[in-house]
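Scroll down for the structure; my scribbles are underneath it.
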Amino acid sequence: MSAIWSSNSTTESVNATAKLHDTGNLVLMDQNEKVLWQSFDYPTQHWLPGMKIGNDYSRGIEWHLSSWKISQHPLVGEFTWGAENHGYPDFKLKQGSVVKMRGDAWRNQQIKGISSFSRNWTFTYKVIIHEKEVSFSYNHDNSSTLFRITLSSSGKLESWGWVEGAKNLQPGQSLPKDLCDTYNICGAYGSCVTNMFDQSCACLDETKFVPRNKKGWEMADWSDGCVRRTPLYYTHSSWFNKSMNMQECEAQCLANCTCMAYTNPDASLGGRGCLLWFGELIDIRVYPEVKSGRDIFVRIAASNESGVISKRQEEAMELPLFTFSRIANATANFSPDNKLGEGGFGPVYKGVLEQGHHVAVKRLSRNSSQGLDEFRNEVICISKLQHRNLVKLLGCCIQGDEKLLIYEYMPNKSLDAFIFDKAQGMFLDWTRRFNIIKGIARGLVYLHQDSRFRIIHRDLKASNILLDQDMNPKISDFGIARSFGGNESRGNTEIVVGTYGYMSPEYALDGIFSMKSDVFSFGVLVLEIVSGKRNRRFTQQENNNNLMGYTWNLYNEGRSMELVDATFAESCHPQEVLRSIQVGLLCVQQNAGDRPNMSSVIMMLSGEHSFPQPKQPAYFMEGDLFAANFSASTKPTGSINELTITEVDAR
């Protein structure tokens, strides 16, 4: 006698039993029903429901299909269908070592009506990804029917099903089915498109990518793919994390300059799952019949030849993109009658959208002292922030040379229009002023501690505090804000931007900024709200003090209530006023380390926190500041600012 077949298994057992399950799995078990061996662990050319493709790392088993040499001969052929796991797993059809086709993305999902045998069949795909096992399997809901996938000797994945009334298995769909299934047919950053007339390749975005070999491209040789108009540098690999959400995934990609793209590969993970690519993207295909799918975010160079904001950054914004014509119509073609104000960024207009929704539109002027970097920074920074005390960015417009930001409209404009105007100041009694102080503090706590990124505003001032119809404050204008991840909390720059009178001394003189820089600006704001006087323009003639120095002297002499603006003196609550003044002085102390953080400020304002005694404030004169660190050419020029435009006072 001669052996026809052997499993090559050497496991020993007493009273072993073999069972052939209805699934087609032949299982060998011991007396305790422990599986000693099963045929599903050793696939041949057939892939049956419940059978896995992938790897069992704990047992050192790889599950893959192998074709027969010829259709009637069971010798192992040259084609294989298996999983490759270089970050996130995918299927590869190979002829020897040559990849012929890449399979669809791995996703846990249930799909009905895709079978060529019955529109009522429902297929369920199961994905397992952890350190012990990476596998993909499928099942269908009708156990009375037979279905299998076979890797043929010619290298095709063929589906076979038992159709009711038939006498044998009937052939169904097979792969590869068209040109677009060919591995890497369009090269890097090329996308294969199939329609009723033909199949062809196109670059992902012709404004950002161009064919590497234009002549070959015109002759339908797309193998060289596309290249970026503005190059990036990269490595080859991918990386997958099952627990990250999309916000964390984006941050992970943006923090690594070699990350080329990211996505959530599987909707079944409940919004979690992060797949990063570190090499050129290939095998991108457009399916016109598919109405939904997973978004992929591709990195583009920050500065393209056109000079406009990149497509990758547009995607990162997660904001509606308005057309220029729509905004022009909403503002009556930017009529002077709709102009609300103007500052370093450009003019601001009131607009009314089609549904009667009022908006405020910032328009970057061509001769603006701010530019594309500030525009990009503000959009990307604020688009992900949601807080009742932050102005809401509704969308943006990037069209040719036009760059627009669309905000919720604030009918009461900005805080400076009230506190520095005696007539308007009458509308802000002490209760409203105190609520504004607390609202600004809550907004800063969110920026510094509770938002996904730590945000340092760097230009907190009265004109950048907007007031809604109920006089609730909203922090605005994030054009020069900086964000930090992880445990970062400070930075430094050689280019100091912001507004004198609100800048902390360490930032104005040395370019060092941190959360305590915003705390300093908040302290100045508090003193301005209480006094109704501008810190920058206030001078006490007899001793040459500015507002901080004047407040410090009153505090030491026990006369702090003399700081109160006469317009609300009768409505004020002395304990709240004195508490606010002391908080303001604590925030403007010379040494950044002495200043409280904003969460402590909240507790002190509410009377829930003990008060340390403030130290001498940083009340240097502007003339000394200029002489110390700036040339005459950097001296700021003021602007009429009725809304929320960053006043860029130094570069």
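The values are calculated or read from the model by the stated rules, or taken from the named source; none is laboratory data. A quick note: this is a predicted structure, and the numbers were derived from the prediction, not measured. All Cβ positions, even for glycine, are placed from backbone atoms using ideal geometry, and neighbour counts span all protein chains on display.
For the criterion of being more than 23 Å from Leu547 (Cβ to Cβ) and part of a loop (DSSP other than H, G, I, E, B), Arg452 passes. Exactly one residue out of Ser292, Ser238 is modelled with pLDDT under 80, out of contact with any strand residue (DSSP E or B) (no Cβ under 9 Å at 6 or more places or on another chain) and either outside the structural domain of Gly103 (by TED's automatic domain parsing) or surrounded by fewer than 18 Cβ atoms within 10 Å (Cβ to Cβ) (or both): that is Ser292. Among the residues of the range 472-497, those identified as modelled with pLDDT of 75 or more, out of contact with any Asp or Glu (no Cβ under 7 Å at 6 or more places or on another chain) and part of a strand (DSSP E or B) are Pro473, Ile475, Arg482. Kindly establish whether Glu315 is among the acidic types (Asp, Glu) and modelled with pLDDT of 80 or more. Spelling it out, it is not the case that Glu315 is among the acidic types (Asp, Glu) and modelled with pLDDT of 80 or more. You will find that of Ser610, Ser521, the residue that is in the same structural domain as Asp450 (by TED's automatic domain parsing) and either β-branched (Val, Ile, Thr) or under 27 Å from Ala481 (Cβ atoms) (or both) is Ser521 and no other. All conditions in (1) more than 19 Å from Trp121 (Cβ to Cβ); (2) modelled with pLDDT under 80; (3) aliphatic (A, V, I, L, M) hold for Leu179, with the sole exception of (2).
The residue of the range 557-575 that is modelled with the highest pLDDT, among those that are polar (S, T, N, Q) and surrounded by 12 or more Cβ atoms within 10 Å (Cβ to Cβ), is Ser560.
Filter the range 400-444 down to the residues that are assigned to a strand (DSSP E or B), modelled with pLDDT under 90 and surrounded by fewer than 21 Cβ atoms within 10 Å (Cβ to Cβ) and list them by number. Of everything in the range 400-444, just one residue is assigned to a strand (DSSP E or B), modelled with pLDDT under 90 and surrounded by fewer than 21 Cβ atoms within 10 Å (Cβ to Cβ), namely Glu402. Taken as a whole, the structure leaves Trp217 outside the set of residues that are at pLDDT 80 or above and not in a helix (DSSP H, G or I).
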